[in-house]
Amino acid sequence: MVRRPDLEEVRVNTFLIADTAMIPILRGEGTVNGHSFTLTSARGQGLIARLRTRNYRVVTLKDKINRLTELPTVEAPGNLLQIETGARDQWFHFDSDTLTWQAVEAQTNGSRLFVAFEEHRVARRRRSRTSGDYFRIERLPNGTPQLTPLKEDTALLLGYAHATYEADIEIDNTANADGSYTLPVEFSLPPAYRTMLELLAESHDKQTMHFSAAGWPLAVRLLHRLNLRPANGDIEDDFGDDHDDFDDDDDE
């Protein structure tokens with residue numbers, strides 16, 4: 001059985017209280033409204049550490065970011081492999097420049113229709129109006145291509161690992177006068193990463209996310225996990241030691 005958090009951060013500096021015994025401690029650091037706590041004190045990192053010292057189980061947004069799947073280790077792209085395809089199939093490769101899925105044009109060899117992908121790369125195939133299937137392209141010992149099915153998250157993480165194989169990628173963003181940041185999201189994100197980034201954002205739509213000064217360091221931490229570095233407001237050491245990581249040892 002998994003022990004549930006006594007205090008869980010659900011939005012930036014907003015927590016749900018499960019164990020009301022901690023409320024007297026929280027009142028000195030922010031506002032308590034029923035089972036909701038809003039942290040307003042600048043001593044937030046120390047508060048989290050003190051609660052954990054008293055054996056309260058606290059899960060922060062930083063902890064949730066740290067639990068996102070990391071980029072895998074990948075091999076450099078290999079030779080081009082020809083994959084036979086149907087006339088109605090649409091194929092895409094993950095483009096390292098735009099960090100988006102880009103169409104791959106089918107080619108013909110006599111009556112044979114095929115698409116070409118580099119070995120070790122990821123591919124997306126759409127049929128009709130479906131969202132698509134994802135594959136890792138490998139080569140069997142006899143030289144024929146092998147398509148290993150992937151989940152979308154896994155395919156995109158592999159795509160980012162290939163895109164940043166030699167160096168991190170700088171992405172555009174805007175620093176605002178009030179300390180907030182605006183991030184155009186013109187690139188494809190693994191669904192779990194996008195969901196978390198939207199949770200960190202003060203507001204967002206499909207193409208733009210706006211982060212408060214408090215939420216931006218968390219967003220940067222998430223972007224770093226994809227080897228992305230914002231052009232403005234990049235942060236190397238975005239948390240102190242008191243804001244400890246989530247400990248899996250509590251599972252029973």
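The values are calculated or read from the model by the stated rules, or taken from the named source; none is laboratory data. This one's a predicted model, so the numbers in the text were calculated from it and none came from an experiment. Heads up, the Cβs are rebuilt from the backbone with ideal geometry, glycines too, and the neighbour counts pull from every protein chain shown. All accessible areas refer to the heavy atoms of the entire protein, side chains included, with ligands and DNA or RNA removed. Shrake-Rupley method; radii C 1.70, N 1.55, O 1.52, S 1.80 Å.
Scan the range 49-102 for GluC sites (Glu not before Pro) in coil per DSSP, keeping those whose Cβ has at most 13 other Cβ atoms within 10 Å, and list them by number.
The qualifying sites are GLU70, GLU75.
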Rounded, prolate or oblate (a/c below 1.5 giving rounded, otherwise prolate when a/b exceeds b/c) for the range 73-208 by Cα gyration tensor: prolate
Identified option (computed percent of Cα pairs over 22 Å apart; candidates (i) 59; (ii) 52; (iii) 62): (iii)
Local electrostatic count, PRO184, Cβ distance below 12 Å [Lys/Arg +1, Asp/Glu -1]: -2
In degrees, nearest 10, the alpha-carbon axis of helix 191-200 is tilted away from the dominant principal axis of the alpha carbons of the chain by 30 degrees
Hey, what's the per residue convex hull volume over the C-alpha atoms of the range 1-146, in cubic angstrom? 216 Å³
Once the Cα atoms of helix 216-225 and of the chain are each reduced to a long axis, what angle between those two axes, in degrees from 0 to 90 to the nearest 10, is obtained? 40 degrees
Running a GNM on the chain with Cα contacts under 10 Å, which residue among ILE171, ILE65, ILE83 ends up with the highest mean-square fluctuation? ILE83
Can you tell which of ALA42, SER203, TYR160 lies farthest toward the positive end of the dipole of the chain, using +1 and -1 charges on the Cβ of basic and acidic side chains (Lys, Arg; Asp, Glu)? SER203
Dipole of the range 158-237, Cα-centred, from +1 at each Lys and Arg C-beta and -1 at each Asp and Glu C-beta, to the nearest 20 debye? 280 debye
Could you please state, rounded to a whole Å, how far the C-alpha centre of the range 69-94 is from the C-alpha centre of the range 152-186? 21 Å
Net charge of neighbours whose Cβ lies under 15 Å from the Cβ of ARG127, counting Lys and Arg as +1 and Asp and Glu as -1: +2
DSSP loop trypsin sites (Lys or Arg not before Pro) in the range 111-184 with at most 14 other Cβ atoms within 10 Å of their Cβ, which ones? ARG127, ARG129, LYS151
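Quick one: dipole size for the chain, taken about the Cα centre, charges +1 on Lys/Arg Cβ and -1 on Asp/Glu Cβ, in debye to the nearest 20.
940 debye
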With Cα coordinates, the longest principal axis of the chain makes an angle with the long axis of helix 44-53, in degrees rounded to 10, of 80 degrees
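Accessible area per residue, 1.4 Å probe, Å², for the chain: what's the number?
Here the per-residue accessible area is 55 Å².
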Residue of LEU47, LEU183, LEU113 that the Gaussian network model of the chain assigns the largest fluctuation, springs spanning Cα pairs under 10 Å: LEU113
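Grab the other residues whose beta carbon is less than 14 angstrom from that of PRO145, score K and R as +1, D and E as -1, and report the net.
+1
Compute the relative contact order of the range 18-157 as a whole-number percentage, counting only Cα pairs closer than 8 Å that sit 6 or more residues apart in sequence.
Values: 187 pairs, mean separation 22.2, N = 140.
Relative CO of the range 18-157 lands at 16 percent.
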If you filter the range 200-237 for trypsin sites (Lys or Arg not before Pro), then keep DSSP loop positions with at most 16 other Cβ within 10 Å, what is left? LYS206
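Ignoring ligands, DNA and RNA, what percent of the accessible area of the range 116-211 is carbon or sulfur (1.4 Å)?
Details: 2270 of 5140 Å².
C and S atoms contribute 44 percent here.
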